[in-house]
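Nothing in this text is a laboratory measurement; each read-out follows from the coordinates by a stated rule. Quick caveat: nothing in here was measured; it's all calculated off a predicted structure. Cβ atoms come from the backbone with ideal geometry, glycine included; neighbour counts cover every protein chain shown.
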Amino acid sequence: MKIRTIQTGSTLVSNAVPNRATHRFTYAYTGLFQRRSKRIEVPVKCFYVTVGTHHILVDAGWSKIVRTRPLKHLGFGLWYASEPVMAEGEAACEQLAGQPIDAILMTHLDCDHISGLHDFNNIDTYTSAEEIAYARQKRVRYGKLTRGLTFHTINFTSDNDAPFGKSADLFGDATVFAYLTPTHSAGSVIYKIVDGNKFALIVGDNGYMQDSWLQGLLPGPLYNADNMRKCLAWIKGQSLNPDCLGIFCAHDTRMLNI
Ligand SMILES: [Zn+2]
């Protein structure tokens with residue numbers, strides 16, 4: 001397997017986004033009542049995976065549209081909470097120009113993960129049915145970015161080894177497994193990429209960055225805090241497995257490539 005980290009710029013957010021313990025106010029991650037000059041800049045990443053016969057993009061990062069029309073693209077609320085920063089050539093569609101992409105797998109549907117989907121056409125894109133339902137319900141968090149996009153839903157089955165009892169062998173050839181993780185959002189998904197005995201995990205915002213699972217730091221936006229704690233402990237356990245080649249987080253400062 002090969003996994004290449006693609007950084008699609010960054011986002012200016014409250015420091016409560018990666019670590020909710022920095023503030024007491026539950027919704028501090030929105031940046032409300034905080035000075036914009038105190039925002040921190042965190043990278044926005046997606047991952048290009050080659051495994052077996054598959055060429056896959058996991059998440060899509062920011063669209064190239066955010067360079068010119070960020071407010072129109074995101075709407076004021078999402079723009080206010082997570083202002084995009086992206087230089088010329090940094091969008092996933094630009095960095096992967098000419099590379100094959102057979103499928104796009106979404107860890108969840110927050111704006112900094114699905115924005116880049118608007119730069120791709122006719123590529124099968126997967127998410128969980130739980131995430132689609134949650135995005136419909138939580139309009140403030142998800143905004144209008146899912147409009148015009150179509151998704152295949154992942155067919156989960158019961159699995160006692162999965163962190164929350166549900167997994168899917170996405171292509172039926174044991175190269176990519178999806179785990180449902182109701183943590184950061186109701187339908188968040190972790191992808192396990194498998195090559196022989198070796199594996200890597202792409203965890204999205206389950207583990208916003210390496211310190212999240214090393215130190216058990218909870219991110220700002222949460223669907224279920226207890227589930228998130230359980231999930232971070234599970235990821236840490238997986239990282240200690242000698243066959244684990246890497247844990248890929250969407251907002252880590254490390255540029256991990258394997
Ligand atoms: Zn994110």
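Annotations
- Phi angles of the range 149-161 translate, via the Karplus equation with coefficients 6.51, -1.76, 1.60 and θ = phi - 60°, into HN-Hα couplings of 9, 10, 10, 8, 9, 7, 8, 7, 10, 5, 8, 5, 8 Hz per residue; Gly and Pro are given as x.
- Pairs of Lys residues in the range 17-166 that lie 8 or more places apart, or on two chains, and have C-alpha atoms under 26 angstrom apart add up to 13.
- Cα shape, the range 83-140, gyration tensor, a/c 1.5 rule: oblate
- Gaussian network model of the chain, Cα within-10 Å springs - most flexible of ALA168, ALA87, ALA60: ALA87
- Relative contact order (%) - the range 83-141, alpha-carbon pairs under 8 angstrom, separation at least six: 34 percent
- Magnitude of the charge dipole, the range 2-249, Cβ model with Lys/Arg +1 and Asp/Glu -1, debye to 20: 1120 debye
- Shape class of the range 2-249 from the alpha-carbon gyration tensor: oblate, with a/c at 1.5 or above and b/c at least as large as a/b.
- Value of relative contact order over the range 116-258, rounded to a whole percent, pairs C-alpha under 8 Å and six or more apart: 18 percent
- Centre-to-centre separation between the Cα atoms of the range 78-100 and those of the range 149-187: 26 Å.
- Reduced Cα scattering model of the range 1-107, Debye log10 I(q)/I(0), q = 0.12, 0.14, 0.17, 0.19 Å⁻¹: -0.48, -0.63, -0.84, -0.96
- Global form of the range 91-209, assessed from the alpha-carbon gyration tensor, a/c cut-off 1.5: oblate
- Highest mean packing comes first when the peptides 169-182, 223-236 are listed by Cβ atoms within 10 Å, giving 169-182, 223-236.
- For the chain, the mean residue ellipticity at 222 nm estimated from helices alone is -5000 deg cm²/dmol, where every DSSP H run of n ≥ 4 contributes -39500 (n - 2.57) and the total is divided by all residues, rounded to the nearest 500.
- Of all beta bridges that DSSP places with both ends in the chain, some 70 percent have antiparallel geometry.
- Using C-alpha pairs under 8 Å with a sequence gap of at least 6, the mean separation divided by the residue count of the chain gives a relative contact order of 20 percent.
- Where Rh is the Kirkwood radius over Cα pairs, Rg/Rh for the range 157-236: 0.97
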